[in-house]
1. State whether segment 310-549 is rounded, prolate or oblate according to the following rule on the C-alpha gyration tensor (a ≥ b ≥ c being the square roots of its eigenvalues): a/c under 1.5 gives rounded; otherwise a/b larger than b/c gives prolate, and the remaining case gives oblate.
2. Taking a virtual spin label 7 Å from the Cα of Ala414 along the C-beta vector, which residues in segment 371-391 bring their backbone nitrogen under 16 Å of it?
3. Per-residue ellipticity at 222 nm for the chain, helices alone: DSSP H runs ≥ 4 residues times -39500 (n - 2.57), over residue total, nearest 500 deg cm²/dmol?
4. Working out 0.36 nm times the residue gap between Ala56 and His169, then minus their Cα-Cα distance, what length gain in nm do you get to one decimal?
5. Take the residue pairs Lys458/Lys524; Lys231/Lys458; Lys392/Lys443 and return only those whose Cα atoms are more than 24 Å apart.
6. Going by a ≥ b ≥ c, the root eigenvalues of the Cα gyration tensor, does the chain fall in the rounded group (a/c under 1.5), the prolate group (a/b larger than b/c) or the oblate group?
7. Using a 7 Å offset from the Cα along the Cα-to-Cβ direction at both Leu527 and Lys3, what is the distance between the two label points in nm, to one decimal?
8. May I ask what percent, to the nearest 5, of DSSP beta bridges between residues of the chain are antiparallel?
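The numbers here are math on the coordinates, done by the rules we state, and not lab data. Because the structure is a prediction, the values reported are computed rather than measured. Cβ sites come from the backbone with ideal geometry, for glycine too, and all protein chains shown count toward neighbours.
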Amino acid sequence: MKKNMILVTGLLRSGTTWTGKTIALARGVKYLNEPFNPDRQRKNSPLTTYYQYLDAGCPAAEQEAIRQYLDHLCRNPFFYLFDQLRLIKRYKAYKNLRPLLLGKKNMWGRPLMKDPIAILSAEWIYQTFQADVVIVLRHPAAFIGSLKTAGWSIPFNGLLAQEERLKPHLDQFSQIIRQYAETPPDVIDQGILIWNIIYSRILRYREKYGSKWYFVKHEALSKNPLEEYSKLFRFLGLAFTPKVREKIIRSSDGSAIGRLSRNSVQNLDTWKTRLTPEEIRRIRQGTAPLYPHFYEEEEWNDGQSEAVSSEMKENRAPGEHKYLFILSPPYCGSTLLHEILSSSRAVSPNNTRGTREGQGLPGVKEIMFDHDRRWDETLEFDWDFIKKQWMKYWDLNKPVLLEKSPPNLIRTEAISKCFQPSFFILLHRDPYAHVESLMRREKWPADKAAAFAIKCMKHQRDNMEKPGNTMVLSYEELTDETAGTLDRLRAFMPELSDIRIEKEYDVHNFRNQKLRITNLNSEKRTLLSHETLMAINQVFKKDEEVLTAFGYRIME
């Protein structure tokens, strides 16, 4: 496990606490709350200014004092323990005492510093501590709506006190910073200014460190928390375990009890009711020079919910469609998912027979299926021709056109260019259960089946990193957390609002019978002999990080 510092930062009221606390669910990570915040009143802290700015040109003694202080906080377990105890006492947060003591092993763990006040010093922290930096972004109206609800004001005096130091970076804001420090305006204008100040800095960070730091929108985390946090954990080299996934679900669907429990999807639109139309207009106008670098025009709307009922969607003109692709290796639950999605009146599958795969339809079968190169990445298809053939089978009066051929997962770039707009559901499964299916149904030896499972997981990992409309889903979530999965699917594509669950499904399984939605992984694992398991592990151990990226472990 990596030991370097993790810095989670961004503008305040932008989800840094939720993000930091979620990352801290990983084993061996210790959470440090805002060392740069003067309000924390830490004893002997050299950080006494709001939005402290540090770079290599600052006085060496100042840099060294702050470096030593942060290093002690991060590396010295006793310094960390006493700091946490002091904060618990100061804020009377006694409920945190038990987790602190029970999780004492994390005192020696990897430090995670959650601190929006450190945003202007993020580059210095990165260079000084070789930190992994996570920047959380938030729509300006959502940020200011939250600021307004909290009743906070911005301490511009901290920026004014550093006027000379910040001049090379924020000179265009210096006059209005001075004005606001002396005579604070209403919270809308305060929010506009601090958003512009911080995002001008974030824009520079992204230009310089776009491939090295992790920039994530609060909106993306809220819409699809499991897949977005899965990608974030992979960037940080942390295991995305089933326990972590479960806690993320509970913290984002509103079912958990606690300050950070929320319905993350519903929370996206709260700014539209917190702000008046005039305030939204002011914010949009005031942030116009910067927000297009981070948000699209359509992300400003009339304040009404963007969700549209499936009945309304069904009235759209023919030719206006969303193309929904299930990207899944074979025998990983794609047929079950296909059946669930097809229950919506808004969805038209291109094949309703057998395995429900479009690659088996007349007109394309010879191109896509009747050869041994289906899984050859170098083989290119004529997607325009395939699309034309599939159009004969889809009901074009429906807005969502569904397709699920397994080899599609190695050809997503070509598919997304031909089918616009395309949406992808990336499905994965416990690799041992997957290998058992391949061995039994394809009659493959264990090493060949294991290598194919790894190949599919690598492609899915690559697909997760590509931009686009993507949702990541595991077979385990589909079968064990079905109700929550349905909610996620509806949030991913509002047209799916009427999807439903049948009592039993006639999909292929090793029992060869109709089944209720059931997780068969444990039974399939027991079918693997010790010798087979050894052969599988010889392959898996060469790419163990791939399994870890999806929250799976080597089975001994």
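1. Values: a/c = 1.79, a/b = 1.41, b/c = 1.26.
Prolate.
2. In segment 371-391, the label zone of Ala414 (backbone N under 16 Å from the point 7 Å along Cα→Cβ) covers 371-390.
3. Working: 27 runs with 255 residues, N = 556.
Roughly -13000 deg cm²/dmol at 222 nm, from the helical runs in the chain.
4. Details: separation 113, 0.36 × 113 = 40.68 nm, distance 1.43 nm.
Stretched fully, the Ala56-His169 segment lengthens by 39.2 nm.
5. Numbers: Lys458/Lys524 22 Å; Lys231/Lys458 13 Å; Lys392/Lys443 35 Å.
Pairs exceeding 24 Å: Lys392/Lys443.
6. On the way: a/c = 2.20, a/b = 1.54, b/c = 1.43.
Judged from the Cα gyration tensor, the chain comes out prolate (a/c at least 1.5, a/b above b/c).
7. 4.5 nm
8. Working: 2 of 37 bridges.
Once the DSSP bridges in the chain are tallied, antiparallel ones form about 5 percent.
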